[in-house]
1. Which one of A:Ala32, A:Ala40 is in a helix (DSSP H, G or I) and not assigned by TED's automatic domain parsing to the domain that holds A:Arg107?
2. For the stretch B:105-190, which fully contained helices (runs of 4 or more DSSP H) count at least 2 residues that are more than 7 Å from chain A (Cβ to nearest Cβ) and closer than 19 Å to B:His68 by Cα?
3. Kindly indicate whether any position in the stretch A:74-95 is closer than 22 Å to A:Arg130 by Cα and in contact with a Phe, Trp or Tyr (Cβ under 7 Å, 6 or more places away or on another chain).
4. Quick one: how many residues across the stretch A:23-54 are within 12 Å of chain B (Cβ to nearest Cβ) and within 14 Å of DNA strand D (Cβ to nearest atom)?
5. State yes or no: is A:His102 under 29 Å from B:Thr114 (Cβ atoms) and either acidic (Asp, Glu) or within 12 Å of the chain's Cα centre (by Cα) (or both)?
6. Regarding the stretch A:139-158, can at least one residue be identified that is crowded, with 20+ Cβ neighbours inside 10 Å and under 21 Å from A:His22 (Cα atoms)?
7. Restricting attention to the stretch B:31-58, report how many residues are crowded, with 19+ Cβ neighbours inside 10 Å, closer than 25 Å to A:Leu122 by Cβ and within 15 Å of DNA strand C (Cβ to nearest atom).
Protein chains: 2
Amino acid sequence: MKPATLESERPSARDRILLTAHDLFYRHGIRATGIDLVIAESGVAKLTFYRHFPSKNALVLAVLEHRHRHWMSWFTDALTRHRPRTRPPLEALVPALAEWFHDGNFRGCAFLNTMTELGGSLPGVMAACRLHKQDMTAAIAGLLPASRQRKRQALAIAIAVDGAIVHTQFERDAKASLKALDDLLRPYLG
Amino acid sequence: MKPATLESERPSARDRILLTAHDLFYRHGIRATGIDLVIAESGVAKLTFYRHFPSKNALVLAVLEHRHRHWMSWFTDALTRHRPRTRPPLEALVPALAEWFHDGNFRGCAFLNTMTELGGSLPGVMAACRLHKQDMTAAIAGLLPASRQRKRQALAIAIAVDGAIVHTQFERDAKASLKALDDLLRPYLG
DNA sequence: GTCCATGTAGACAAATCTGTCTACACTGAT
DNA sequence: ATCAGTGTAGACAGATTTGTCTACATGGAC
């Protein structure tokens, strides 16, 4: 996952804020990350920050939106990269996730994390999280053969994936999680 | 899940603090819950609080310990209550979880929530979370027939359960989660 | 009776966090 | 040349949070 911006020029102030916040929020959590730190790390003045984002909450929502675009484009790309020629496309799922789980910066699903941190308190977070999971599930459904049970199967698989994500997050053992996920997926591989 | 204390007498100051904190932390998150609120809600003086718990962090760890005991005793009890006479014991799992998921106060796994909120920052939280999941997995293993793959199967099932927990948490649709979990478990039911 | 553990009420210090405000500099378009 | 937009630096207000401290009450053990 992620180069984020390959452009060689220095990104605009807004982008620097967004990317810095994305990193800090993901790494340390949102409530644990003060605005002042985001501002210092992105090398921007306080007034500049507040010109682009009216509040920390607005920044949080913008970061989630950015994260969603970024993650989904990585995910669909990884799925096509690992797509096997002859065998069922679903086999791409575990290798794709393996890329992510083995990334040194992996800290679970940003949407699940954000939701547990401030799901109830910041309106919009819940919706963003649902949208994200919905799109992830749809991408998984795209790997399954058309059938009357496709949606149902995709949901079960998405739930297994979420389990593997959180398990990797606290157990720090990507290999074991992936093997277990593979076990759970076996019946769906035809 | 839970009556917590059936004793008719007023619980001790320490217990009131512990139970109040448990509720508030679980419902609104830990960082979102100030010490002052815990103190006010448990009807205790500030000094009394600090005589029992040297800091908020100590309270957090005590609450997790309490939660672990409480949850595990509910879990094993629910599993035996739903144990079918003639069919495989694993069939008790979904009905047991259904009790929890349908509880109006359900807000996901307290350990996963706490870990995402302050896993890195408060030493001890990570360990408590691992211990909890380890014990949960062991309880699940107890439902499986002895075999060389029992541990491996229990891990896969525990991951599916965690997925169902978080899915219920953000989608608020216990029925769908439980059906999907049932799908995932089918191969393990013999 | 005295002492100690345990309790209540609430003021207070110190840190931290969000958001506002003043003052100034650079750049490109008109 | 001027002006609007965007930027920097940093002081400041106001709220909130954790944890300490003083002063006092009660009830059981010895």
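1. Values: A:Ala32 fails: in a helix (DSSP H, G or I).
Every option except A:Ala40 fails the conditions.
2. Values: elements: B:110-118, B:125-141, B:150-171, B:174-185.
The qualifying helices (runs of 4 or more DSSP H) are B:110-118, B:125-141, B:150-171.
3. No, there is no match, as no residue in the stretch A:74-95 is closer than 22 Å to A:Arg130 by Cα and in contact with a Phe, Trp or Tyr (Cβ under 7 Å, 6 or more places away or on another chain).
4. Matching residues across the stretch A:23-54 total 2.
5. Values: under 29 Å from B:Thr114 (Cβ atoms): yes; either acidic (Asp, Glu) or within 12 Å of the chain's Cα centre (by Cα) (or both): no.
No; evaluated as a whole, the condition is false for this residue.
6. No, the stretch A:139-158 contains no residue that is crowded, with 20+ Cβ neighbours inside 10 Å and under 21 Å from A:His22 (Cα atoms).
7. Here is the first cut: in the stretch B:31-58, the ones crowded, with 19+ Cβ neighbours inside 10 Å are B:33, B:38-39, B:42, B:49, B:53.
Next, from what is left, pick out any that are closer than 25 Å to A:Leu122 by Cβ: B:33, B:38.
Imposing the further condition that a residue be within 15 Å of DNA strand C (Cβ to nearest atom) reduces the set to B:38.
Looking only at that region, the number is 1.
Each row is one residue, and each column tells you yes or no for (1) in a helix (DSSP H, G or I); (2) surrounded by 15 or more Cβ atoms within 10 Å (Cβ to Cβ); (3) within 13 Å of DNA strand C (Cβ to nearest atom); (4) hydrophobic (A, V, I, L, M, F, W, C).
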residue: A:Asp15; (1), (2), (3), (4): yes, yes, no, no
residue: A:Phe25; (1), (2), (3), (4): yes, yes, yes, yes
residue: A:Ala62; (1), (2), (3), (4): yes, yes, yes, yes
residue: A:Arg69; (1), (2), (3), (4): yes, no, no, no
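The values are calculated or read from the model by the stated rules, or taken from the named source; none is laboratory data. The structure presented is a predicted model; accordingly, all values stated were derived computationally and were not measured. All Cβ positions, glycine included, derive from the backbone under ideal geometry; neighbour counts span all protein chains shown.
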